[in-house]
Amino acid sequence: MTTYLWIAFGSALGGVGRFWLAGHVDRLIGETFPWGTVLVNITGSCVIGFIGALSGPEGRWLLPSDARIFLMIGVCGGYTTFSSFSYQTLNLARDGEWLWAGANIAISVIACLTAVWLGHVAAAAINR
């Protein structure tokens, strides 16, 4: 399979996961604030940090480049939702919900950076 097909297949799997998790969270909590999107972006950031560190040149889980592309670009890229995050933030701002729009930006950026770092730290611990 070509690299582009791996990316497309991984993206489809990630997109289905995103749709399921975000929808499930929104049904449980409600859609006043985009908690489903926030959770998807946090978990996706953690997973990509973990895979990146674990499967990198100094990692314990050396993957072929196609497998790494499939997981990191395909699955994680299809799973995380920066475009949804941006659209939902815009809608909150357009609705005059400036506090919620700012909270979405702050929570998403801080939590996703923390999650990618935690994923990296977890994989680095396994690599030792």
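Every read-out reported here was derived from the displayed coordinates using simple, explicitly stated rules and does not represent laboratory data. What you are looking at is a predicted structure, and each value in this text was computed from that prediction instead of being measured. A quick note on method: Cβ atoms are made from the backbone with ideal geometry, for glycine too, and the neighbour counts reach across all protein chains shown.
Some notes on this structure:
To keep it simple, each residue is scored yes or no on (1) in a helix (DSSP H, G or I); (2) closer than 24 Å to I7 by Cβ; (3) over 14 Å from the mean Cα position of the chain (by Cα).
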site: A67; (1), (2), (3): yes, yes, yes
site: L99; (1), (2), (3): yes, no, yes
site: A115; (1), (2), (3): yes, yes, no
site: V121; (1), (2), (3): yes, no, yes
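Yes/no per residue for (1) among the acidic types (D, E); (2) outside any loop (DSSP other than H, G, I, E, B); (3) farther than 19 Å from V16 by Cβ; (4) touching a Pro at 6+ places or on another chain (Cβ under 6 Å):
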residue: R60; (1), (2), (3), (4): no, no, yes, no
residue: G74; (1), (2), (3), (4): no, yes, no, no
residue: S83; (1), (2), (3), (4): no, yes, no, no
residue: T89; (1), (2), (3), (4): no, yes, yes, no
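- In summary, G44 fulfils each of the numbered conditions (1) closer than 15 Å to A122 by Cα; (2) buried (at least 19 other Cβ atoms within 10 Å of the Cβ); (3) more than 17 Å from the chain's Cα centre (by Cα) with the single exception of condition (3).
- When we screen E58, E97 for residues that are out of contact with any helix residue (DSSP H, G or I) (no Cβ under 6 Å at 6 or more places or on another chain), at negative phi and either buried (at least 18 other Cβ atoms within 10 Å of the Cβ) or in contact (Cβ under 8 Å) with a residue 24 or more places away in the chain (or both), the only hit is E58.
- Residue list for segment 11-41, restricted to those being surrounded by fewer than 22 Cβ atoms within 10 Å (Cβ to Cβ), assigned to a loop (DSSP other than H, G, I, E, B) and at negative phi: E31, T32, F33
- All positions within segment 1-34 that are free of Cβ contacts under 8 Å to residues at least 12 places away in the same chain and either of a type in the set (D, E, K, R) or closer than 25 Å to V121 by Cα (or both): D26, R27, E31
- Hey, G77 loosely packed, with under 14 Cβ neighbours inside 10 Å and either of a type in the set (G, A, S) or closer than 17 Å to F50 by Cα (or both) or not: no
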